[in-house]
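Notes follow the structure.
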Amino acid sequence: MTVDEGVDITKEQDRGVLKRIIKEGEGTDTPNTGCQVTVHYTGTLLDGTKFDSSKDRDEPFEFPLGKGQVIKAWDIGVATMKKGEVCVLTCAPEYAYGAAGSPPKIPPNSTLQFEVEMIDWKVEDLSPNKNKGILRHIIEQGSGFDSPNDGALVTVELEGKLLSDGKVFDTRTVTFTIGEGSENNICEGVERALEKFQKGEKSRLTIQPKYAFKSEGNAELGVPPNSAVEYVVTLKNFEKAKEIWSMDGSEKLEQAKLFKEKGTNYFKGGKNQLAIKMYKRVVSLVDDMPADNSESDENKNQAKEYLVSTHLNLALVYLKVTPPHHFEAREHANKALKHDDNNVKGLFRRGQALLGLGEAHEAIKDFQKIVDLEPGNKAAANQIIVCRTTIQKQKQKEKAMYANMFDKFAKKDSELEKQRAKEEVDVIGEKVGEWGAGEGEWTDQQRDRKPTEFEKENPNILLLDKDGRFENM
């Protein structure tokens, strides 16, 4: 093969990467950016000198496609290959090792040729723990470098179907805010994936139940519980939310007010998870403002008010979710009380959380402090009664548990004593049997004889006396 053979596969059409197929691959799918590809290759200079080969090592080579971990020609060329395909890539220096080369095997400004075999690839895993919960296969690459962020307004075209039988349950074009997609029947997996999309990108997403519609399913869309789904999604347009680092104090407070109102509306509507998201955005916006010396006192005080009220709201929502999240509720109540240690709502919600965690002794302190601050607070007074009742029940339970424990120990000791007594009787019976005496009586020989050498060495051997009692020799 000469340097000029092959099809130019560069976007610029500058003949920097030429491809000639030796063996056709299977199907139509090719790997995309983010896929973990596995290939065999042999690299040569134009004069035929081999400088590297995975086949010689009998070790296929793996790398993430499109991440710049291989030469530019490979990211371009391997992305065009089908499974099982074998091709030759001719790579100009600027798409390989450039003017520096890769001494000692690759001289400066070398054009290289690689025979590459596509063995397989794994599609990109976008799930947080890389547990294959959200898999992306890019069908059409997007343009630009920006992607939507949390809070961005996006317009997408999508089609969703069940993996189990291929039934299409959703086909539409929809505009929504990332982070609030559930309001438009958009599942978490689609939202998370969109944060990796570029404008115009079209991708196929395979989403497991945890990131789809979970154990509840979606009756409105006709998605059964615990269903894995597949979406084909095209990002038509998006408007990024302004990043926190780019806002001044007044902008942060303005955004915090909007998100706080959203959170409260979601909470009133029974949409607790959305409420939690909105309240957490408030916290992220103003959390560092009270300690920021560059902020005005007015902004600092306003930020502190938002923090206290938002942490109180989060504590309340976590107490209301099913099942209640008492640990999270306690933490947010603590954060509110850090700014205002006599806040009655904070004390009450922390008391409820502690009671839920089984810490009634600590909870009663919070409710008692409320009564000290507000002697007429009946709700706190009632909770004190609940705490005392809980503590009494805990004591009774502990008492019963220890009593059962002692009974078991006593029974075990009794059984051991009986076993030891039985073993002693067995030993005595064997000795008496040897001497020919009946139980409870001595022969003349037994009464008058002197101890044997064995008995002198073992003085604790027991014998029956004439009244049937045990006595030591």
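The values are calculated or read from the model by the stated rules, or taken from the named source; none is laboratory data. What you see is a predicted model, and the numbers here were worked out from it, not measured in a lab. Because the Cβ atoms are built from the backbone with ideal geometry, glycine has one as well, and the counts that use them run over all protein chains shown. Just the protein is used for accessible areas: all its heavy atoms, side chains included, with ligands, DNA and RNA removed. Shrake-Rupley method; radii C 1.70, N 1.55, O 1.52, S 1.80 Å.
Which residues, counting only those in the range 92-144, are of a type in the set (V, I, T) and at pLDDT 95 or above?
So in the range 92-144, the residues of a type in the set (V, I, T) come out as 106, 111, 116, 119, 123, 134, 138-139.
Across the range 92-144, the qualifying residues are I106, T111, V116, I119, I134.
Conditions: (1) within 34 Å of the chain's Cα centre (by Cα); (2) surrounded by 16 or more Cβ atoms within 10 Å (Cβ to Cβ); (3) at pLDDT 95 or above. P64 meets all but one. Number of the miss?
(3)
If a residue has to be within 45 Å of the chain's Cα centre (by Cα), open to solvent by 40 Å² or more (accessible area, probe 1.4 Å) and without any contact (Cβ under 8 Å) to a residue 60 or more places away in the chain to count, how many in the range 92-118 make the cut?
Number satisfying all stated conditions: 4.
Provide a single number: the residues in the range 349-369 that are under 31 Å from the mean Cα position of the chain (by Cα) and either open to solvent by 60 Å² or more (accessible area, probe 1.4 Å) or not aliphatic (A, V, I, L, M) (or both).
Step one: list which residues in the range 349-369 are under 31 Å from the mean Cα position of the chain (by Cα), which gives 349-360, 362-363.
Remaining after also requiring either open to solvent by 60 Å² or more (accessible area, probe 1.4 Å) or not aliphatic (A, V, I, L, M) (or both): 349-352, 356-359, 362.
The total comes to 9.
Can E331 be described as among the charged types (D, E, K, R), without any contact (Cβ under 8 Å) to a residue 24 or more places away in the chain and over 23 Å from N377 (Cα atoms)?
Details: among the charged types (D, E, K, R): yes; without any contact (Cβ under 8 Å) to a residue 24 or more places away in the chain: yes; over 23 Å from N377 (Cα atoms): yes.
Yes; evaluated as a whole, the condition is true for this residue.
Does K268 satisfy the condition of being basic (K, R) and without any contact (Cβ under 8 Å) to a residue 40 or more places away in the chain?
On the way: basic (K, R): yes; without any contact (Cβ under 8 Å) to a residue 40 or more places away in the chain: yes.
Yes.
Tell me which residues, restricted to the range 10-46, are part of a loop (DSSP other than H, G, I, E, B) and out of contact with any strand residue (DSSP E or B) (no Cβ under 6 Å at 6 or more places or on another chain).
Result: K11, E12, Q13, D14, G16, E24, G27, T28, D29, T30, T33, L46.
For residues that are farther than 21 Å from P224 by Cβ and within 25 Å of the chain's Cα centre (by Cα), scanning just the range 160-190, find the one that is most open to solvent (accessible area, probe 1.4 Å). So that I can check it myself, show each step before the final result.
Residues of the range 160-190 farther than 21 Å from P224 by Cβ: 173-180, 183.
From what is left, the residues that are within 25 Å of the chain's Cα centre (by Cα) are 177-180, 183.
Values: T177: 35, I178: 2, G179: 6, E180: 13, E183: 83 Å².
For the range 160-190, the residue satisfying everything is E183.
Go over the candidates K260, K268, K202, K240 one by one and state the one that is in contact with a strand residue (DSSP E or B) (Cβ under 7 Å, 6 or more places away or on another chain) and either farther than 23 Å from Q141 by Cβ or basic (K, R) (or both). Lay out the reasoning, then the answer.
Numbers: K260 fails: in contact with a strand residue (DSSP E or B) (Cβ under 7 Å, 6 or more places away or on another chain); K268 fails: in contact with a strand residue (DSSP E or B) (Cβ under 7 Å, 6 or more places away or on another chain); K240 fails: in contact with a strand residue (DSSP E or B) (Cβ under 7 Å, 6 or more places away or on another chain).
Of K260, K268, K202, K240, the one residue that is in contact with a strand residue (DSSP E or B) (Cβ under 7 Å, 6 or more places away or on another chain) and either farther than 23 Å from Q141 by Cβ or basic (K, R) (or both) is K202.
Exactly one condition in (1) free of Cβ contacts under 8 Å to residues at least 24 places away in the same chain; (2) open to solvent by less than 10 Å² (accessible area, probe 1.4 Å); (3) among the hydroxyl-bearing types (S, T, Y) is not met by S127; state its number.
The one condition S127 does not meet is (1).
Residues are listed down the side, and each one gets a yes or a no for (1) open to solvent by 20 Å² or more (accessible area, probe 1.4 Å); (2) closer than 18 Å to K338 by Cβ; (3) of a type outside the set (V, I, T):
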site: Q273; (1), (2), (3): yes, no, yes
site: V286; (1), (2), (3): no, yes, no
site: D292; (1), (2), (3): yes, yes, yes
site: N299; (1), (2), (3): yes, no, yes
site: T310; (1), (2), (3): no, yes, no
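Check the range 4-22 and report whether any residue there is surrounded by fewer than 16 Cβ atoms within 10 Å (Cβ to Cβ) and of a type in the set (S, T, Y).
no
Would the range 335-343 turn up any residue that is out of contact with any helix residue (DSSP H, G or I) (no Cβ under 8 Å at 6 or more places or on another chain) and part of a helix (DSSP H, G or I)?
Within the range 335-343, the subset out of contact with any helix residue (DSSP H, G or I) (no Cβ under 8 Å at 6 or more places or on another chain) is 338, 341.
Those still in the list that are part of a helix (DSSP H, G or I) too: 338.
There is at least one residue in the range 335-343 that is out of contact with any helix residue (DSSP H, G or I) (no Cβ under 8 Å at 6 or more places or on another chain) and part of a helix (DSSP H, G or I).
Conditions tested, residue by residue: (1) out of contact with any Lys or Arg (no Cβ under 9 Å at 6 or more places or on another chain); (2) open to solvent by less than 70 Å² (accessible area, probe 1.4 Å); (3) in contact (Cβ under 8 Å) with a residue 12 or more places away in the chain.
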{"residue": "Q36", "(1), (2), (3)": "no, yes, yes"}
{"residue": "D52", "(1), (2), (3)": "no, yes, yes"}
{"residue": "E59", "(1), (2), (3)": "yes, no, no"}
{"residue": "I71", "(1), (2), (3)": "yes, yes, yes"}
{"residue": "I76", "(1), (2), (3)": "no, yes, yes"}
{"residue": "V86", "(1), (2), (3)": "no, yes, yes"}
